[in-house]
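The values are calculated or read from the model by the stated rules, or taken from the named source; none is laboratory data. Since this is a predicted model, take the numbers as computed values, not measurements. With ideal geometry, Cβ positions are generated from the backbone for all residues, glycine too; neighbour counts draw on all protein chains shown.
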Amino acid sequence: MFEYYGDHMFGLGIWGAFMMLIFWVAVTAFIVWVVKEANGRNTGHRNSALDILKERYAKGEMSKEEFESMKKDIS
């Protein structure tokens, strides 16, 4: 199946083995990145305080007066 060429890994040499390692590290990093993006757990996309305040107001957790007061405090 594969022929042995002395000290070389399947005829690729040390640089070929190094490039294979780099390739698999890149593939693994890409897969991890895709999974993190799909799950929405990327820490770089956190909501701002104003976004959270707007969500709470939209859910009816606070009155308009409370919303305006807190919005003024944040700004």
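Under 9 Å between Cβ atoms, at least 6 apart or on separate chains: pull out the pairs that start in the stretch 14-40 with a residue that is assigned to a helix (DSSP H, G or I) and end on any residue that is among the hydrophobic types (A, V, I, L, M, F, W, C).
Qualifying pairs under 9 Å: G16/M9; G16/F10; A17/M9; A17/F10; M19/L12; M20/M9; M20/L12.
Would you pick out the residues in the stretch 46-75 that are modelled with pLDDT of 90 or more and outside any helix (DSSP H, G or I)?
Result: K59, G60, E61, M62, S63.
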